[in-house]
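The values are calculated or read from the model by the stated rules, or taken from the named source; none is laboratory data. Because the structure is a prediction, the values reported are computed rather than measured. Cβ: placed from backbone, ideal geometry, glycine included. Neighbour counts: every protein chain shown. Surface areas here come from the heavy atoms of the whole protein model, side chains and all, with no ligands, DNA or RNA. Shrake-Rupley method; radii C 1.70, N 1.55, O 1.52, S 1.80 Å.
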Amino acid sequence: MTLFMRTLAAAAASTLLAASAFAQSTVVNVENEPGPSLTVLPPLPGPLAQGVVFIPYRLENLRIIPVGGAAAREISPRVGHLHITLDDLPWQWADYGGSNTVILVGLPRGQHKVRIELVDGNHHIIPGQTKTVTFTLPVTLRHE
């Protein structure tokens, strides 16, 4: 088998494996859905050096859409959103955007902590799906 054919076969096999690992139907109910998973990465270093915080995240087995209450329990695959808390403040905000990035601008220089909680449509934290990111902001972005 030529090198080209081996490369093509490997690419096709990888595509099939990835598709089966991440594919989820959005048109039929999913029986015995696997649990949702939240992965949060550190802030992107380039924007951070300029005073802007981009925290990428990835969700598996959950879609972010602005639906709550009893209606959210009936949707399959499951739905939810994020609760985000900055620096242990007593308030938080909900993210229904689904952009896969938390963006923060205008923070003072210094160390900060962001807690990201994956929650269901009734605002209940999904067990084991709370992530915390700590970072130091070297500059303050000024808006003029």
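Kindly provide the set of residues from segment 114-129 that are assigned to a strand (DSSP E or B) and loosely packed, with under 13 Cβ neighbours inside 10 Å, ordered by number. Within segment 114-129, PRO127, GLY128 meet the criteria. Look at (1) open to solvent by 30 Å² or more (accessible area, probe 1.4 Å); (2) more than 13 Å from the chain's Cα centre (by Cα); (3) of a type in the set (A, V, I, L, M) and you find that LEU86 fails only one, number (1). Filtering segment 89-99 to residues that are of a type in the set (D, E, K, R) and either within 12 Å of ASP120 (Cβ to Cβ) or open to solvent by 60 Å² or more (accessible area, probe 1.4 Å) (or both) leaves nothing. As a summary of the residue check, LEU107 satisfies the conditions (1) at pLDDT 95 or above; (2) over 20 Å from PRO36 (Cα atoms); (3) open to solvent by less than 70 Å² (accessible area, probe 1.4 Å) except for the one numbered (1). Taking the conditions (1) more than 16 Å from the chain's Cα centre (by Cα); (2) within 23 Å of GLY35 (Cα to Cα) in turn, GLY80 satisfies each one other than (1).
Of the residues making up segment 130-143, none is surrounded by 13 or more Cβ atoms within 10 Å (Cβ to Cβ) and either farther than 28 Å from GLY51 by Cβ or small (Gly, Ala, Ser) (or both). Which residues, counting only those in segment 64-83, are open to solvent by 70 Å² or more (accessible area, probe 1.4 Å) and part of a loop (DSSP other than H, G, I, E, B)? PRO66, GLU74, listed by residue number.
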